[in-house]
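Notes to accompany the following structure.
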């Protein structure tokens, strides 16, 4: 049976990872960004309208005011709306979703390995602390990539413009002044990353303390005179 100290460290690691999963799970269900743009009919060039897109990972809401003629509120699904219109946005958004799914998978593995180690001592296999290091570090790295890719997709592609053009009643529009504000769903990825690193730190702290204690126990034998160690 593992020591009480080991059990506490691994249970704490599992708890930190569980909290991170809860945070990112909620984040995936809520809005990630709000983008606003000035809108005008291409024929007039008069930017007297506006469009606001509230975007989550799977769906969104488009609110138009005099864009191009009248105002309206439209709900849409992200991937189906982008499909066949903006290839780069579809690829990047799909990649974000896949990476988030992998984050959840690796976090689940980290939780299971931590709980297993809290009642067992599988040090020589990947079911030991090494497994936690690998799974939690992959979760942290992938979540950072998610943060970068999502910002790139919002700022460097025409994803937002594509949503507006889809619902402008067939009237050609000109859009400018795009401004995006990240929302709670996006920012919840950051504590997820931090908690994944904390899970690693908790296991490393225990491992380092156990290694130091083991080395200290070996010192009396190593420092003893040769004639004494022979008996």
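All conditions but one from (1) touching a residue at least 12 places away in the same chain (Cβ under 8 Å); (2) farther than 24 Å from residue 187 by Cα; (3) more than 23 Å from the chain's Cα centre (by Cα) apply to residue 114; the one that does not is (3).
Of the numbered criteria (1) part of a helix (DSSP H, G or I); (2) surrounded by fewer than 17 Cβ atoms within 10 Å (Cβ to Cβ); (3) touching a residue at least 12 places away in the same chain (Cβ under 8 Å), the one residue 38 fails is (1). Return the residue satisfying two criteria in turn: it lies in region 1-22 and is within 9 Å of residue 206 (Cβ to Cβ) and surrounded by fewer than 17 Cβ atoms within 10 Å (Cβ to Cβ), and of such residues it is modelled with the highest pLDDT. Only one residue fits best here, namely 8. A Cβ distance below 6 Å, combined with a sequence gap of six or more or placement on separate chains, defines the contacts here; from region 176-190, residues that are over 12 Å from residue 155 (Cβ atoms) reach residues that are surrounded by fewer than 17 Cβ atoms within 10 Å (Cβ to Cβ) and modelled with pLDDT under 95 in the pairs 176/38; 177/38.
Only residues that are touching a helix residue (DSSP H, G or I) at 6+ places or on another chain (Cβ under 7 Å) and part of a helix (DSSP H, G or I) were counted across region 162-183, and they come to 3. Taking the criterion of being surrounded by fewer than 19 Cβ atoms within 10 Å (Cβ to Cβ), at pLDDT below 90 and either touching a helix residue (DSSP H, G or I) at 6+ places or on another chain (Cβ under 6 Å) or at positive phi (or both), would at least one residue in region 185-206 satisfy it? Checked against the condition, which is being surrounded by fewer than 19 Cβ atoms within 10 Å (Cβ to Cβ), at pLDDT below 90 and either touching a helix residue (DSSP H, G or I) at 6+ places or on another chain (Cβ under 6 Å) or at positive phi (or both), region 185-206 yields no hits at all. The set of residues in region 146-161 being assigned to a helix (DSSP H, G or I) and in contact with a helix residue (DSSP H, G or I) (Cβ under 6 Å, 6 or more places away or on another chain) consists of 146, 147, 149, 150, 153, 159. Considering 119, 132, the condition of being part of a helix (DSSP H, G or I), at negative phi, touching a residue at least 60 places away in the same chain (Cβ under 8 Å) and in contact with a helix residue (DSSP H, G or I) (Cβ under 8 Å, 6 or more places away or on another chain) is satisfied by 132 alone. The residues on offer are 164, 173, 119, 151, and the sole one that is surrounded by fewer than 16 Cβ atoms within 10 Å (Cβ to Cβ), more than 12 Å from the chain's Cα centre (by Cα) and under 21 Å from residue 61 (Cα atoms) is 151.
Restrict the check to region 67-85 and report whether at least one residue is surrounded by 14 or more Cβ atoms within 10 Å (Cβ to Cβ), farther than 25 Å from residue 147 by Cβ and at pLDDT 90 or above. Yes, that holds for at least one residue.
The values are calculated or read from the model by the stated rules, or taken from the named source; none is laboratory data. Given the structure is predicted, the values throughout are model-derived calculations rather than measurements. Please note: Cβ atoms are built from the backbone with ideal geometry, for glycine as well, and neighbour counts cover all protein chains shown.
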